[in-house]
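To keep things clear, I will list the structure first and then write my remarks on it.
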Amino acid sequence: MSLPVGMILLLVVGVLVYFGLAQRLLDRMRLTDKQALLFIGAIVVGSFVDIPLMRAPSELSVNLGGALIPAVFSLWLLATADETAERVRAIIASVLVAGAVMLGSLYLPYEPENMFLDPKLIYGIAAGLIAYIAGRSRRAAFIGGILGIILSDIAHFVTITRAGIPGTTAIGGAGAFDVVIIAGLVGVMVAELVGETRERLQGGPVLGPNRPEGLYEFSKELGHHGKHKKDKSLTASQKTEQQDGGEDRE
């Protein structure tokens, strides 16, 4: 039995976090390693729990790890964002992702065997790219990817309920679990890749009021953190030279 794509991505991200290779990304999302690993573990465990919400006329359930936990986490990120503009971009990204997924479901073949690629990958990657383009920051892209897919599931349920069509909607469950995870991770990874590339082209982090919007969300914190690390990195000889220079000036 092969692992779903979303689970594989989560395991890869978990390994990167565990070995400290994703620290810069976590800093920009204001997460510690323990918080990130706890979030990943909660998604994996919660993916086995489905919560039924309605049975008639259409069945509706929500998956704990595939929808509820990512949604709560995304709303927390949205609430803790420093800038109102970033919140607005995240909401717009969520709506655009939901609209794109619904539009795609109307024109793309319903049967996976008739598609050139796994539909989970198509929807997940497309949603992540749209979330980044509209969000323009790591947090907004992540929020847009996660909430956009969940909103599309909700919109699907409302549509079939109004039409009186009997059916089953599992928000964040089964294949949608993979789409939610892929969309969120693709969005934040593209944002990180673009942000790192722009930083290198500009010769380093751009701090201050004129920094590119969405590139470094926490410039003040990064500047303070960098200064603290620089002070710690001074060698004993450098400190001695500074002291001697001070005495000579006296």
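The numbers here are math on the coordinates, done by the rules we state, and not lab data. Just so you know, these numbers come straight off a predicted model, no measurement behind them. Note that each Cβ is placed from the backbone with ideal geometry, even for glycine, and that neighbours are counted across all protein chains shown.
Site pair LYS34 and THR80 shows an inter-label distance of 1.4 nm when each label is modelled 7 Å from Cα along Cα→Cβ. Less than 5 angstrom separates the built amide H of VAL49 from those of LEU64, GLY65, all sequence-distant by 5 or more or on a different chain. Taking 0.36 nm per residue of separation and subtracting the Cα-Cα distance, full extension of the segment from ARG24 to LEU117 would add 30.3 nm.
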